[in-house]
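Just so it is clear, none of the values below were taken in a lab; they were calculated from the coordinates. Treat the numbers as computed from the prediction; the structure is a model and nothing was measured. Ideal geometry is used to build each Cβ from the backbone, glycine not excepted, and the neighbour counts take in all protein chains shown.
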Amino acid sequence: MVRLSGAAARNIATSFVRLPAEPRSWTAVLGRLLDDEGQLIDQVVLTWYAAPRSYTAEDVVEISCHGAPVVLRHCLDRALQLGARLAEPGEFTLRAFLNGRIDLPQAEAVRDLIDATTLYQARIAALQTCGSVSRRLAPVKHQLLELISLLEAGIDFAEDDISVAPLAEILRRLDPLLRQTEALARSFTFGNLVRTGFSLAIVGPPNAGKSSLFNALLRQDRAIVTPIPGTTRDLVSETMEFAGIPVRLVDTAGIRHTGELIEQLGIERSYQAMSDADLTLVVLDGAAIRSAADRELIGTARTQGRCLVVLNKSDLPGCVAEAGELRVSALTGEGLVELREAVLDQFAPRGELELQGGFITSLRQERLLSDAAQMLAKAREAAMAGLPHELLLLDLYGALHPFDAISGATTADDILNRIFATFCIGK
């Protein structure tokens, strides 16, 4: 497809695509793509979207060709010859933002949708392109503007001895604002996980069934499995998904004391993978007696970050888990569902997956919300200290600026309109 946007888009497109009749907005028409001598190159479908009912809120024409690169290149060259220019990266979405079609959170969600590697990521990004983040931010910003309007009115009419903003009323409005802003900023922890995924290293002694568990989680025979201890000598990695979240799964060499050079190098890489991973699965042979080396490995994993202890071979007798440990069988699949749930619980409480896009996935938004929360906390301290409302307003406006940077600027008229809409001035 070749897409054109701008006031001249329709005239340019119809100059080299022969149509049976004048195109109508939001209607697809079968046409003939011609070369500069008027010879037929391809049959195409031309769709015209008249401004402002288009993605960019400008006139947009889409020309759908057959898939041959030479045909698409010719179509593009003809458009350029007739006065079009190549779009910059992201320019269609930029124009949509500048023309008021979408806001910044929606524009950022378009990028996330393009980069999605799982259906869950795509669904969350699609919800955000429809404004799920903006809808969650809007009530918080609205409450902040109401509080600013209240204080501004109190200053404007202070000489009339009318107290419109006592401390109790300020705190009643300010405390929920602070809590909601902090909650939005904290939601980035899970939102970033959804957008970027995480890495999971499987470590343990030889013959504990690490590679078997690796294959069972992937549902394919990716790693070689044999009864011979030390089969895996190097890192084996594969990307999969847990509940729609991308996971880089890493199988490692069995950790034990050995004098064999190649195996030693593999064990060093195992420790490095454990250090680099967001979460480590320490896999032990559940049917074997736990050794001092096993307990040492568990201690090392726990000191380096998030860790789950997994007892494999639960289908064999004698597999007894200690508190907090998981029993699985890579052979029968027993416990794999619980293992996946336990892995996700390490990163987010139950129910986060059902938030349906109401969380922050952009680091820029998280930093702005953190700044807003800091300014709201300062405003609360100022209110508790009994400082003049003029100083309190400085902190509140300082909190408003980050919200503006996320969703769009607030003008002085917005504040004035709220003052006059809220108070019966002149009565």
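Summary of values
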item: For region 283-292, 3J(HN,Hα) per residue [Karplus equation, 6.51 cos²θ - 1.76 cosθ + 1.60, θ = phi - 60°, Hz, x = Gly/Pro]; result: 9, 10, 6, x, 8, 9, 6, 6, 9, 5
item: Loop GluC sites (Glu not before Pro), region 290-340 (other Cβ atoms within 10 Å of the site Cβ: 10 or fewer; DSSP); result: 322
item: Taking the chain and dividing mean pair separation by its residue count, relative contact order in percent (alpha carbons under 8 Å, at least six apart); result: 14
item: Amide H contacts of residue 102 (H built 1.01 Å from N, under 5 Å, at least 5 apart or other chain); result: 97
item: Where only alpha carbons of the chain are counted, the Rg and the Dmax (Å); result: 30.2, 92
item: For the chain, with +1 on Lys and Arg beta carbons and -1 on Asp and Glu, the positive-most of 41, 107, 244 along the dipole; result: 41
item: Approximate spin-label separation residue 172-residue 381, in nm, with each point projected 7 Å along Cα-to-Cβ; result: 2.7
item: R0 of 56 Å, Cβ-Cβ distance residue 35-residue 289: FRET efficiency to nearest 0.05; result: 0.10
item: Debye-sum result for region 234-344 in log10 I(q)/I(0), which assumes one identical scatterer on each alpha carbon, at q = 0.18 Å⁻¹; result: -1.02
item: Packing-based exposure ordering (other Cβ within 10 Å, fewest first) of 149, 275; result: 275, 149
item: Separation of the residue 303 and residue 1 label points, Cα + 7 Å toward Cβ, nm; result: 5.6
item: Relative exposure of 3, 295, judged by other C-beta atoms within 10 Å (fewest first); result: 295, 3
item: Point-charge dipole on Cβ atoms (K/R +1, D/E -1) for region 2-96, about Cα centre, debye to 20; result: 220
item: Label-point separation, residue 269 to residue 130 (7 Å along Cα→Cβ), nm; result: 4.5
item: Cβ-placed point charges (K, R +1; D, E -1), dipole of the chain about Cα centre in debye, nearest 20; result: 780
item: Neighbourhood charge, 13 Å Cβ-Cβ cut-off, centred on residue 378 and excluding it, Lys, Arg +1 and Asp, Glu -1; result: -2
item: Neighbour net charge for residue 36 - beta-carbon separation under 12 angstrom, K R +1, D E -1; result: -2
item: Charge dipole (the chain, unit charges on Cβ, about Cα centre) - positive-most of 318, 277, 167; result: 318
item: Residue order, fewest to most surrounding Cβ atoms within 10 angstrom, among 332, 280; result: 332, 280
item: FRET E, pair residue 25, residue 123, Förster distance 45 Å, beta-carbon r, rounded to 0.05; result: 0.90
item: Neighbourhood net charge (15 Å Cβ-Cβ; Lys/Arg +1, Asp/Glu -1) for residue 109; result: +2
item: Cleavage-rule hits (GluC sites (Glu not before Pro)) in region 1-99: DSSP loop, at most 14 neighbouring Cβ within 10 angstrom; result: 37
item: Compactness of region 2-96 - radius of gyration and Dmax, Cα, Å; result: 12.6, 36
